[in-house]
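To start, the structure under review is shown below, and the notes come after it.
The values are calculated or read from the model by the stated rules, or taken from the named source; none is laboratory data. Given the structure is predicted, the values throughout are model-derived calculations rather than measurements. Using ideal geometry, Cβ is built from the backbone for each residue, glycine included, and neighbour counts are taken over all protein chains shown.
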Amino acid sequence: MINIKINEGFVKTPYGKIYFKLKPAQNAVQDARYKLLLIHGLGGTSNTFKKLINELPDDMEVCALDLLGHGKSDKPNIKYSIGLQAEILHYFLTALKYSNFYIYGHSYGAHVAMRYALYYGTKKANGFIIEDSPILKTYFRNLSKNKKLINKIVKTALTSKSSKKQIVLNSLDDIIEDGLADIFFIDKPILIIWGEKDEITKIEFAYKLRTKSKNVLFRVIKNAHHIPHYSNPMELSDLLLKFIGYNHN
């Protein structure tokens, strides 16, 4: 892949500015044929997708944002919830006039993507990619009783130092209380990708999740943990491109 410049910017929303980076499709005369929106996990940033973006073809447009409270986006002192992030995502996509794209959500980011689809519909999206995100009530019921795992999630989320601890805790409380973002209502193709050795969201939940919709394609990345897009970007890119039916011609 040729090293091309990544555009950066901010979108204003009623809750604060949202930072994003955009890799435009090379040689696109008009709108890019393939477009992908990347949403990171709890405590992450758009930077976590750097390796994956580098593996994707030049004629594919890729947009990655920092969720409110993360990275270079504003961090207001408010209550953080999945519903709030979904609302902000709507403002973001409306401001960019984004449509005809695939939404990729990792972990917490998949919750945001699913809630966005529930609130605002799936008309603008061509499909959804869920990476290592159980979005099942059974997982969160178990999680609420497992203080050791909660501490591990918080520690992992704070690794990048892009968020304040209180924001992470606030967000985690919300997904434990109201984390179900089921996929049965999604009328677009869904790809579920899972790291075989994920210790945070174990693969057993992936097998349960794939039974929730007829539109689901399920793939496991062997020996990968919770962030396959970072640890196994080449394998993940191959799965993603096959899912969207990428054709260079």
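A few comments on the model shown:
- Qualifying residue in region 75-86 (condition: closer than 17 Å to I6 by Cβ, surrounded by fewer than 23 Cβ atoms within 10 Å (Cβ to Cβ) and modelled with pLDDT under 95): no
- Positions within region 98-124 being surrounded by fewer than 24 Cβ atoms within 10 Å (Cβ to Cβ) and either of a type in the set (S, T, N, Q) or over 14 Å from the mean Cα position of the chain (by Cα) (or both), in sequence order: Y98, S99, N100, L118, Y119, Y120, G121, T122, K123, K124
- Of the residues examined, T156 is not one that is at pLDDT below 95 and surrounded by fewer than 15 Cβ atoms within 10 Å (Cβ to Cβ).
- Residue count for region 227-249, restricted to those that are more than 15 Å from Y104 (Cα to Cα) and in contact (Cβ under 8 Å) with a residue 60 or more places away in the chain: 3.
- If the condition is being modelled with pLDDT of 80 or more and either closer than 15 Å to L143 by Cα or acidic (D, E) (or both), then region 172-207 contributes D187, E196, D198, E199, I200, T201, K202, I203, E204, F205.
- Within region 39-48, the only residue that satisfies the criterion of being in contact with a Phe, Trp or Tyr (Cβ under 8 Å, 6 or more places away or on another chain) and surrounded by fewer than 24 Cβ atoms within 10 Å (Cβ to Cβ) is T48.
- So G69, is it buried (at least 24 other Cβ atoms within 10 Å of the Cβ), at pLDDT below 90 and farther than 22 Å from T122 by Cβ: no
- Residue list for region 136-174, restricted to those being assigned to a loop (DSSP other than H, G, I, E, B), touching a residue at least 12 places away in the same chain (Cβ under 8 Å) and of a type in the set (D, E, K, R): K164
- Of all residues assigned to region 214-231, none qualifies as being polar (S, T, N, Q), crowded, with 18+ Cβ neighbours inside 10 Å and on the phi < 0 side of the Ramachandran plot.
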